[in-house]
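Encoded as structure tokens, the structure appears first; notes follow it.
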Amino acid sequence: MARRPAYAKPIRIADRSSLASPRQQRLPGFQQRSGNPALEGVRHGTCLRMLNPECMDLLLMTVVLTYGTFDLLHVGHVNLLRRAKALGDRLIVGLSSDHFNVMKNKTATQCYADREAVLRAIRYVDDVFPEENWEQKAADIHRLGADMLVMGSDWTGHFDALAQHCEVRYLPRTEDISSSSLKARIRRDDPDAGAADTQLGADLLMMGAR
């Protein structure tokens, strides 16, 4: 008879925190979050027929979450994504939808689909999903099993209330670079770009009104 692999032995998880790092153990609500459909069976007191290496890796993985519009991607964006990914194993980005940008009175030069394609091409980013409103972050943290929310330092203090759901960190911005400054430079160098930007804003407002 073939010998059963060691990981196939039924395991009773008395406390998920025993599988977590010390930092993860301190996070509020850790035992209530799995963040991955493959781990829905991992609950307090659950007897697992098989806890295979893949599930174990997912369970121990540190998930970092961040948000933004990421329009006219520049070195400041890349620095933020690189630093955020360095804080964990998996980086997930909530990308502001076109409709949400209209709600924020913010005009992106690229549509959601194009901004998403660019983000997914960056090696630091593991997944992207649409951000539709300000209020969804707490639900996203629990749905994705995020251990940490990371935002740029220009948002310092704005998301402190989410510390009851996960760790919150604000990372330093890269000096002298922003999408707004790039847009201003483009308008200055190409007056026609300003008119195109205005028309794009009007089109997006019409889309949002539908």
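A few points about this structure:
- Using a cutoff of 8 angstrom between alpha carbon atoms and counting only pairs six or more residues apart, the relative contact order for segment 62-171 works out to 32 percent.
- When the convex hull of its Cα atoms is viewed from all sides, segment 62-171 shows a mean projected area of 6.2 nm².
- Computed from label points 7 Å out along Cα-Cβ, the spacing between Gln164 and Cys111 is 4.0 nm.
- Extending 7 Å from Cα along the Cβ direction at Thr156 and again at Lys104 yields two label points whose distance is 2.0 nm.
- Estimated FRET transfer efficiency when R0 is 25 angstrom, pair Ala86-Trp134 (beta carbons, to 0.05): 0.40
Quick note: the coordinates plus some simple rules give every number you see, no bench work behind them. Keep in mind the model is a prediction, meaning the values are calculated, not measured. When we count neighbours, we look across all protein chains shown, and the Cβ atoms used for this are built from the backbone with ideal geometry, even at glycine.
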